[in-house]
Amino acid sequence: MTQNSFAVTVENTLNTLMEQVEEVAPEVEGDLVDSVLTLLLPDDSQIIINRQEAVRQIWLACSDGPARFDQVGEAWLDSQSHESLHAAVARLLGKRLGRSIVLG
């Protein structure tokens, strides 16, 4: 995968993720700028997700700790737990919002 196609793939992934979050959790404000997705939660916490081109990963940062995701086929999987990016974001949002969140 070229650097350009990696950037486009990540941008598309983050855009889709933001749209899904805004659909199932309208109280969460999403902002996507230059491949950095910031999710602002009602409790004033944030989840920040961005691309790391040098290692071809997506990184997630929040108060629960960091995670790094590698592309495996069409999915982005946590390099340690193998949880998908969408599942990790859903779990973190569910914990903060106090209800089950499902992202597809």
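The values are calculated or read from the model by the stated rules, or taken from the named source; none is laboratory data. These numbers were taken from a predicted model, which means no experiment stands behind them. For neighbour counting, all protein chains shown are included, and Cβ atoms are generated from backbone atoms with ideal geometry for every residue, glycine included.
A few points about this structure:
- Pairing each residue of the range 71-100 that is surrounded by fewer than 18 Cβ atoms within 10 Å (Cβ to Cβ) with any residue that is among the basic types (K, R), provided the two are 6+ apart or on different chains, yields C-beta distances under 6 Å for S79/R68.
- Any hit, the range 83-96, residues being closer than 23 Å to A7 by Cβ and part of a strand (DSSP E or B): yes
- Output for the range 57-92, where each listed residue is over 9 Å from the mean Cα position of the chain (by Cα) and β-branched (V, I, T): V72
- The single residue among E19, E27 that is surrounded by fewer than 15 Cβ atoms within 10 Å (Cβ to Cβ), among the charged types (D, E, K, R) and in contact with a Leu (Cβ under 8 Å, 6 or more places away or on another chain) turns out to be E27.
- Some residue of the range 62-71 being at pLDDT 95 or above, under 23 Å from A7 (Cβ atoms) and among the small types (G, A, S): yes
- Exclusive hit being surrounded by fewer than 17 Cβ atoms within 10 Å (Cβ to Cβ) and in contact with a strand residue (DSSP E or B) (Cβ under 7 Å, 6 or more places away or on another chain), set T13, T38, T2: T38
Yes/no matrix, rows are residues, columns are (1) assigned to a helix (DSSP H, G or I); (2) over 11 Å from the mean Cα position of the chain (by Cα); (3) closer than 21 Å to G94 by Cα:
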{"site": "V8", "(1), (2), (3)": "yes, yes, no"}
{"site": "T16", "(1), (2), (3)": "yes, no, yes"}
{"site": "E22", "(1), (2), (3)": "yes, yes, yes"}
{"site": "P42", "(1), (2), (3)": "no, yes, yes"}
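- V55 meets each of the listed conditions (1) assigned to a loop (DSSP other than H, G, I, E, B); (2) closer than 18 Å to L103 by Cα apart from (2).
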